[in-house]
Amino acid sequence: MARKPIIVRTVPALRKAIAQLRKRRKTIALVPTMGALHEGHFSLVRHARKRAGAVAVSIFVNPKQFAPTEDFGSYPRNFARDVAALTELGVDLVWAPTDAAMYPDGFSTAVLPDGPAKAGLEDTYRPHFFGGVTTVVAKLFLQVGADVALFGQKDYQQLKVVTRMASDLDIPTKVVGCPTVREKDGLALSSRNVYLSPAERQTAPVLYRVLKDSAARIKAGETIAKILADGRATITNAGFAVDYLEARHAETLEPVATYGDGPIRLLVAARLGKTRLIDNLGV
Ligand code: PAF
């Protein structure tokens, strides 16, 4: 039977557990999550196992990255199921801080990112989001002191923001992006997919189809502005409300006008009923 990971809920307990792991296995990989784990997270854990002697997974639904109108209260939580899955995957440590351990009374510091966090993508629609993410991820990096941390490319702008933040703050944890895991029909895995009704679930892969089609047309030399307009229309006609479909430079996230301005990343966000989905694809 697989051995259950050590579960810690306070910073002193975490420090002790990390010191013990360091003694035995030397290197540590961190997979930061908000729980409700799915195959996308499991794939990060598998990547992590290849990169370090021990794997730590953090589970913390971070209130600071949700606006008051968003789904913090209803965000899916299933700690027992998450721990069972992480046990099967051979994870060594689960860092599951209480709210008070992460943000004790009087907590009054924030990490406020610029650059990729102000690219005019997610930040336009969720202005509170990246400040909340960088504040908690900076804390997670400093708490765990991992050698490497694994993030999914599904949250592409987040990956760029966190990479920049770690570099700007001289945090030695190396940030690594891992490929998006998809359902057979192309829908990117997300903890929020559980919100989709059966009919919406049928519609949802339209986003990936538009990304793939747009990438092929960009490579074929068609005009990017026209491709994006067509893509937005297709997504809208399928029943979504589009927040954005954009072609950006894959590293700087600056807008691009032609294939030659690349490498290009296509990024999309759209709402289907009550569910907001995001996805992206390299060209
Ligand atoms: O991508 C997520 O699940 C979250 O934004 C993260 C990185 C765990 C920070 O709360």
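Every number here is computed from the coordinates shown, using simple stated rules; none is lab data. What you are looking at is a predicted structure, and each value in this text was computed from that prediction instead of being measured. Methodologically, a virtual Cβ is constructed for each residue, glycine included, from the backbone with ideal geometry; neighbour enumeration extends over all protein chains shown.
Taking 7 Å steps out from each Cα toward its Cβ at ALA216 and PHE107 produces label points 4.7 nm apart. Which entries in the list LYS154/LYS219; LYS26/LYS50; LYS154/LYS184; LYS154/LYS226; LYS64/LYS154; LYS64/LYS139 go over 18 Å, if you measure between the two C-alpha atoms of each? LYS154/LYS219; LYS154/LYS226; LYS64/LYS154, as the Cα separations exceed 18 Å there.
As an equivalent ellipsoid, the range 2-133 spans semi-axes of 27, 17, 16 angstrom, where each value is the square root of five times an eigenvalue of the C-alpha gyration tensor, largest first.
Among PRO76, PRO12, PRO127, the largest mean-square fluctuation in a Gaussian network model of the chain, built with springs joining Cα atoms closer than 10 Å, belongs to PRO12.
At 20 °C and a viscosity of 1.002 mPa s, what translational diffusion coefficient does Stokes-Einstein give for the chain, taking Rh as the Kirkwood radius over Cα pairs? Give it in µm²/s as a whole number. It comes out at roughly 108 µm²/s. If the segment from ARG46 to ARG15 were pulled out straight at 0.36 nm per residue, it would be longer than the present Cα-Cα gap by 8.8 nm. For the range 214-283, applying the loop criterion from DSSP together with a ceiling of 14 other beta carbons within 10 Å to the GluC sites (Glu not before Pro) yields GLU222, GLU251.
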